[in-house]
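The structure under discussion appears below in the form of structure tokens.
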Amino acid sequence: MHVADEAPRRVTIGDVAALAGVSRAAVSKVVNGTGKISPATAARVQDAVRKLNWTPNAAAVALRRSRSRTIGLVLSRPGALEIGATSSLLISGLESVLAPRSYGLLLYLVDHTADDETRAYRTLAEDRRVDGVVLTDSRYGDTRFALMRSLGLPAVLIGTPADGDPVPHLDNDPPGAGVDDAVRHLLELGHTRIAYIGGPDDRVQARARHEMFDATMAAAGLQPVASIATDYSPESSADRTGRLLDAAGTRPTAIVYGSDPMAIAGVSAARSRGLVVPADLSVIGFDGLPIGAWLDPPLTSVHRDAVQRGRAVARRLLGLLGEDVGEPPPLDRPHLLVRGSTAAVR
């Protein structure tokens, strides 16, 4: 009995896009000669078309006509009031690149569950509400990168993926940069009893900062008073700060925090115990938010340019979509802003 061979699968626009390393929309632009496209991108697409012997059909033309010219950003926050200053600056950077090129930004807020995120991304992709998405808050065991590939949704991560995932991304080099400068600043002021309170260890960025803190302390021959992983909420920061300050005989003289809001909550916890910042406790935040300059005392903080990060990731994503925007420049290394919340140990 003879069984007929299975018919070969027809090459699709998705196959061409995958081989060229671009979006399906970019392939459509090249094939149809519409819109702006960089010569390098066009050459990759044309080479992939030749290698796969692909010819466009009506579906490819329909794809070109159905572009939304919208970029998606899904944030795991319980509500708009919880977006935070850093995310607002990131959005400002995104808009500064997208708006002049007639792209919109669709902000999607979801609860802190993987299922809610997955539903959000599937909705955006299947309803063709967006042409691509910006990803934030890289996690260990992150399933979003594989999900984007299965949905055929172009995506760029602002941060570093775990386990070498090939998702397009950009970040500071190294990801924990700036925390080492904060520790060295405290060492120069004579502090040796230093603690760190940062974000959760399932976040790639948070763990990188913890590791940078521990490594810088070890290089100085010192053991941290504590290196604490918690969530980024001010409430958790105040609680863990209070426990450190209440511990007999091991109170730190300085604390480095994983964000400015955490540091501000830490100052409040110290004051509620009768301590004076920086006379009794030096405090350093992370992000360098403008509001820090107006606190009493002004907050010493590691400044990381969130607006620049937003601009860079927008340019990278538009490049994947076939827009001729050029490569984003390398991100500036975070640097320490020395203000009034740190002083020599007494």
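Within the stretch 21-39, being modelled with pLDDT of 85 or more and either part of a helix (DSSP H, G or I) or surrounded by fewer than 20 Cβ atoms within 10 Å (Cβ to Cβ) (or both) holds for one residue alone: Gly21. Residues in the stretch 233-243 that are surrounded by fewer than 20 Cβ atoms within 10 Å (Cβ to Cβ) and hydroxyl-bearing (Ser, Thr, Tyr): Ser233, Ser236.
Checked against (1) farther than 20 Å from Leu186 by Cβ; (2) at pLDDT 95 or above; (3) not small (Gly, Ala, Ser), Pro297 passes all but condition (1). Checked against (1) modelled with pLDDT under 95; (2) touching a strand residue (DSSP E or B) at 6+ places or on another chain (Cβ under 8 Å); (3) buried (at least 21 other Cβ atoms within 10 Å of the Cβ), Pro328 meets all criteria but (3). Between Ser138, Ser87, Ser102, Ser150, the distinction of being loosely packed, with under 15 Cβ neighbours inside 10 Å, touching a Lys or Arg at 6+ places or on another chain (Cβ under 9 Å) and outside the structural domain of Thr250 (by TED's automatic domain parsing) belongs to Ser102 only. Just one of the numbered conditions (1) modelled with pLDDT of 90 or more; (2) touching a helix residue (DSSP H, G or I) at 6+ places or on another chain (Cβ under 7 Å); (3) within 26 Å of Gly326 (Cα to Cα) is not true of Leu106: (2). All conditions but one from (1) assigned to a helix (DSSP H, G or I); (2) aliphatic (A, V, I, L, M); (3) in contact with a helix residue (DSSP H, G or I) (Cβ under 7 Å, 6 or more places away or on another chain) apply to Leu244; the one that does not is (3).
Looking across the stretch 298-346 at every residue that is among the polar types (S, T, N, Q) and assigned to a strand (DSSP E or B), the one that is nearest to the chain's Cα centre (by Cα) is identified as Ser301.
Exactly one residue out of Leu275, Leu331 is within 30 Å of Pro39 (Cβ to Cβ) and hydrophobic (A, V, I, L, M, F, W, C): that is Leu331. Just one residue in the set Arg304, Arg271 is in contact with a Phe, Trp or Tyr (Cβ under 9 Å, 6 or more places away or on another chain), basic (Lys, Arg) and surrounded by fewer than 23 Cβ atoms within 10 Å (Cβ to Cβ); that residue is Arg304.
The values are calculated or read from the model by the stated rules, or taken from the named source; none is laboratory data. Worth saying up front: this structure is predicted, and the values here are computed from it rather than measured. Cβ atoms come from the backbone with ideal geometry, glycine included; neighbour counts cover every protein chain shown.
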